[in-house]
Amino acid sequence: MHPKNLSIADYNYPLSEDKIAQHPVAQRDKSKLLISNLGETSEAIFENIANYLPNDSLIVYNNTKVIRARMQFKKSTGARIEIFILEPLNPTTEIQNSFSVMGQCEWKCLVGNAKKWKEGELELQMQYNGEQFTIFASKGENMGNSFHINFRWEPAYLTFSDVLIATGSIPLPPYMKRDTEQEDIERYQTIYAKHQGSVAAPTAGLHFTDAVEKSLEEKSIKKNYVSLHVGAGTFKPVSSEKIEGHEMHTEQVVINKQLVEDLLRYSDKKIIAVGTTTTRSLESIYWYGVKLLQDMSASFHIKQWDPYDNEFAKYVNVERSLKAVIEYMNANNIDELHGDTQIIIAPSYKFKIIDILITNFHQPKSTLLLLVSAFYGEKWRDSYKYALDNNFRFLSYGDSCLFFKSELKKFKLK
């Protein structure tokens, strides 16, 4: 069945509010780990995850960094206006470059209490590194439920990153019924977060610690990274009855050449994806290779239904696709691919790159749950039922799950 014809009602399960983690566990790697392999379910503690992963494999993380995307302004009338930045528009649309901009910039934003802000410039005075500065915001074009917002600040030598650090707050998901607290600055960020650009954390990575990383190294598990910058669309529910009515969000992604070479080198071994964002990035690389084999000038833009509508892919194995990407990067003398992906991974999708998925538990009727179902099959229901019956914590600050696409040697705890 083409995933367009899937009914989202079939990907529902009962999730009560008391199952949703509102705070992280005291130590990152002390969270629970559900292990799901060939329909068999067991549990462990995340710090021991290396015991369940094969030697000499490749693990890939998303090293995006959550930005302080929420800014609170106050009008002279006393009305509070919240500006939530979504994506850069000017002077650059590249997220990773947008935070080094000085003096002024324009972003697509959500605006809370927008009806109270009909005209005029908002002003906010703050301190950064002991120095007083002022940021101004003016409202431009209305784009549906979002606006073009022009920011300028004085002194102009500060970067937009400096401005956000001083004025912004970490945006927690809407199902966390609380304000951002001090602990979130550190805990709603992976330990390997590097490149600013996300408004939501790649939460499967929140469980990793230096000790866990060391345990993986001891098993000769090589690591590498992608950068997929998570947008607010990740929380957009599927409101249509059929999946074809849902427009998947587009997110910027950066891929380094060493990663593509590693994927090729480990294609006959096991590749582990940390999170759904990493999974979408890795699978998108394959589809970009397919596009290049059809047109060597193709841009790195993967559309929502590309994996299901491209007949040419039947003739392209993973090795051929990855080699096409490497050849393109070599021919153009580039070490990083900058692109975007709108890929939706849903049941009937045939995974090309990943063999093992580490992920958190996802919301009912979400595209993330569709991805899990595509990877593990209908047995995801048994895994989720086990988690619900055994007091696992759900969603962003919740516990994690280890899914195996195919049978691997089952490891015992040491």
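The values are calculated or read from the model by the stated rules, or taken from the named source; none is laboratory data. Keep in mind it's a predicted model, so treat the numbers as computed, not measured. Positions of Cβ are generated from backbone atoms using ideal geometry, with glycine treated the same way; all protein chains shown enter the neighbour counts.
Observations
- Within the range 139-187, the set of residues being part of a strand (DSSP E or B), touching a Gly at 6+ places or on another chain (Cβ under 8 Å) and not charged (D, E, K, R) comprises F147, H148, I149, N150, W153.
- K314 vs. criteria over 27 Å from G197 (Cβ atoms), modelled with pLDDT under 95 and over 25 Å from the mean Cα position of the chain (by Cα): yes
- Residues within the range 223-264 that are over 20 Å from the mean Cα position of the chain (by Cα) and free of Cβ contacts under 8 Å to residues at least 24 places away in the same chain, tallied: 2
- Scanning the range 8-52 for residues that are in contact with a helix residue (DSSP H, G or I) (Cβ under 8 Å, 6 or more places away or on another chain) and either of a type in the set (S, T, Y) or outside the structural domain of K214 (by TED's automatic domain parsing) (or both) gives Y11, Y13, S31, S36, T41.
- Apart from one condition, M102 fits all of (1) hydrophobic (A, V, I, L, M, F, W, C); (2) crowded, with 20+ Cβ neighbours inside 10 Å; (3) more than 26 Å from T234 (Cβ to Cβ); the exception is (2).
- V25, sole failed condition from (1) buried (at least 16 other Cβ atoms within 10 Å of the Cβ); (2) modelled with pLDDT under 95: (2)
- Filtered residues of the range 69-79 (kept if loosely packed, with under 13 Cβ neighbours inside 10 Å and either outside the structural domain of A114 (by TED's automatic domain parsing) or not small (G, A, S) (or both)): K74, T77
- If only residues of the range 288-312 that are of a type in the set (F, W, Y) and free of Cβ contacts under 8 Å to residues at least 60 places away in the same chain are counted, the one that is surrounded by the most Cβ atoms within 10 Å (Cβ to Cβ) is Y288.
- Selection count, the range 171-218, where residues are surrounded by fewer than 21 Cβ atoms within 10 Å (Cβ to Cβ), under 19 Å from T277 (Cβ atoms) and in contact with a Pro (Cβ under 8 Å, 6 or more places away or on another chain): 1
- Failed item, numbered, when S169 is tested on (1) out of contact with any Lys or Arg (no Cβ under 6 Å at 6 or more places or on another chain); (2) modelled with pLDDT under 95: (1)
- One residue from E283, E244, E261 being in the same structural domain as K194 (by TED's automatic domain parsing) and either in a loop (DSSP other than H, G, I, E, B) or farther than 20 Å from L337 by Cα (or both): E244
- First in the range 84-100 and within 16 Å of S146 (Cβ to Cβ), second anywhere and of a type in the set (S, T, Y) and part of a strand (DSSP E or B), Cβ under 7 Å, 6 or more apart: L86/S146
- Of all residues in the range 1-29, those being in contact with a strand residue (DSSP E or B) (Cβ under 6 Å, 6 or more places away or on another chain) and either within 19 Å of L216 (Cβ to Cβ) or of a type in the set (V, I, T) (or both) number 1.
- Residues that are in contact with a helix residue (DSSP H, G or I) (Cβ under 7 Å, 6 or more places away or on another chain), among the small types (G, A, S) and modelled with pLDDT under 95, drawn from the range 189-239: G197, A200
- All positions within the range 115-136 that are over 15 Å from S76 (Cβ atoms) and either aromatic (F, W, Y) or assigned to a strand (DSSP E or B) (or both): M126, Q127, Y128, E131, Q132, F133, I135
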